[in-house]
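Heads up: the structure comes next, in structure tokens.
Just so it is clear, none of the values below were taken in a lab; they were calculated from the coordinates. Because the structure is a prediction, the values reported are computed rather than measured. Virtual Cβ from ideal backbone geometry, glycine too; neighbours counted across all protein chains shown.
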Amino acid sequence: MTAVIVETDRQGAVSVPSIESLAIAQELGGPVTALVTGAETARAATALAAFDLSDIVAVDDPPIEPGASTTLVSTLAAWIDAAQPELVIAPHSYSARDYLPRLAARLDRPLITDCLGVRIDNGARVFTRPLFQGKLVADVVLDGPSPHFATFQAGATRADSARPATVAPRVTRRSPTIGPDATQVGVEPPFHDTSRTIDLTQADRIVAVGRGLNDGKHLAMIQELATALGAEVAASRPVCDLGWLPLDRQVGSSGQTVAPALYVAIGISGAIQHIVGMKSAKTIVAINKDRDAPIFEIADYGVVGDLFEIVPALIAALKGGHSGNT
Ligand SMILES: Cc1cc2nc3c(=O)[nH]c(=O)nc-3n(C[C@H](O)[C@H](O)[C@H](O)COP(=O)(O)OP(=O)(O)OC[C@H]3O[C@@H](n4cnc5c(N)ncnc54)[C@H](O)[C@@H]3O)c2cc1C
């Protein structure tokens with residue numbers, strides 16, 4: 001059995017990366033149990049019941065306060081001892097980075113973090129994860145007795161690939177396990193980030209631009225296309241390194257991993273460090289003047305040509321007008 005530790009907000013809404021983790025667990029085969037803790041677990045359990053799961057375990061009697069990681073670790077350790085899952089998966093979130101290493105260390109079991117994917121090869125689970133700041137992508141097989149622990153990057157798969165329920169999962173409620181260390185961590189009020197950062201992982205459509213743009217002054221054209229498509233603007237690393245767009249718009253191994261419904265790559269060559277960040281997009285459209293550019297190997301639709309001709313034509317078509325170049 002694979003267990004997925006589901007994260008919710010304070011209103012009980014299940015996070016998109018948690019649904020992606022469910023999809024990854026389903027893809028591995030075998031029964032999947034979702035564990036949900038925190039506030040409003042009843043709402044979360046109702047949302048989770050829409051997915052193909054064998055069990056939903058809700059720890060809500062009383063709920064564990066978000067950030068109370070010592071109680072969370074004791075609770076999960078007790079449940080794992082009893083349920084004996086083979087694999088425990090969680091999204092690679094700030095909170096998982098806090099509690100999961102402690103949980104794995106307490107149970108003396110291996111943890112692999114920040115994974116891009118997992119596959120079964122000759123009966124073994126092979127995890128892929130970036131190494132050396134994304135210079136390499138390694139295949140990793142974990143050793144030793146189960147359970148093994150793994151976290152997955154947001155966008156490692158698409159949330160809409162999670163299989164819907166055919167029969168209703170069994171829902172059980174549990175009380176938290178309060179260990180002797182429960183008072184060692186105090187929870188402060190939630191932190192509010194004042195700087196405006198963009199979460200590209202939540203974008204349904206992305207228009208990404210690369211060094212082929214030649215100069216930041218042409219970004220207005222890219223923004224116009226994005227607006228016409230109802231998309232967010234993203235970029236390859238050189239565009240952010242050159243200061244044409246802020247770093248939080250970067251997609252790739254040292255930027256964000258995204259899985260939108262539509263990804264339009266404009267003037268992007270398709271280096272591996274970029275591809276690992278967007279290859280899970282449902283539909284990829286590439287515009288590049290070099291017909292041998294590697295981006296075309298993963299594109300669903302490819303346009304070979306000059307972006308300065310194609311993008312204005314696309315904008316005109318989307319706005320229902322005419323372009324002199326088409
Ligand atoms: C440790 C490390 C981490 C990295 N992390 C990232 C990362 O997170 N994200 C990332 O993107 N990269 C990353 N890189 C960089 C990566 O290796 C590539 O250098 C980068 O992705 C290339 O960006 P690009 O495709 O925009 O530029 P280029 O490779 O220069 O490609 C530009 C493309 O534009 C096309 N073009 C030019 N003019 C036109 C035109 N007029 N019309 C149409 N097409 C045109 C060209 O044919 C070319 O294919 C990383 C590298 C390292 C070493």
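Volume of the convex hull of segment 1-109 (Cα atoms only), normalised per residue: 91 Å³. Per DSSP H run of n ≥ 4, the term is -39500 (n - 2.57); total these for the chain, divide by its residue number, and report the mean residue ellipticity at 222 nm rounded to 500 deg cm²/dmol. Mean residue ellipticity at 222 nm (helix-derived): -7500 deg cm²/dmol. In a solvent-free Debye calculation with one equal scatterer on each Cα, what is log10 I(q)/I(0) for segment 246-295 at q = 0.24, 0.25, 0.32 Å⁻¹, listed in the order of the q values? One equal scatterer on each Cα of segment 246-295 leads to -0.91, -0.97, -1.29.
When DSSP beta bridges are restricted to pairs lying wholly in segment 1-74, around 15% turn out antiparallel. For the chain, the longest principal axis of the alpha carbon atoms and the long axis of helix 94-107 meet at an angle near 40°. The loop-placed trypsin sites (Lys or Arg not before Pro) in segment 54-143, going by DSSP, that have at most 15 neighbouring Cβ atoms within 10 Å of their Cβ come out as 135. Cross-link partners of residue 289 among aspartates and glutamates, defined as those whose alpha carbon lies under 14 angstrom from its own and excluding same-chain residues fewer than eight positions apart: 306, 309. In the chain, the alpha-carbon atoms span a convex hull of 156 Å³ per residue. Have a look at the DSSP beta bridges in segment 1-159 and tell me what percent are antiparallel, nearest 5. So the antiparallel bridges in segment 1-159 amount to around 35 percent. With respect to the chain, whose longest principal axis is taken over its alpha-carbon atoms, helix 69-83 is tilted by about 70°.
Against the empirical curve 2.2 N^0.38 Å, the C-alpha radius of gyration of segment 227-326 lands at a ratio of 1.07.
If you wrap the Cα atoms of segment 152-274 in a convex hull and average its projected area over all directions, you get 12.5 nm².
Taking every DSSP beta bridge with both residues inside the chain, roughly what % is antiparallel (nearest 5)?
20
Based on C-alpha pairs under 8 angstrom that are at least 6 apart in sequence, the chain has a relative contact order of 15 percent.
Label positions at residue 229 and residue 172, each projected 7 Å from the Cα along the C-beta direction, are separated by 4.7 nm.
Taking a straight Cα-Cα cut-off under 29 Å and skipping sequence neighbours fewer than 8 places away in the same chain, the lysines within cross-link reach of residue 282 are 135, 319. Net length available on complete extension from residue 181 to residue 198 is 2.5 nm, with 0.36 nm assigned per residue and the Cα-Cα distance removed.
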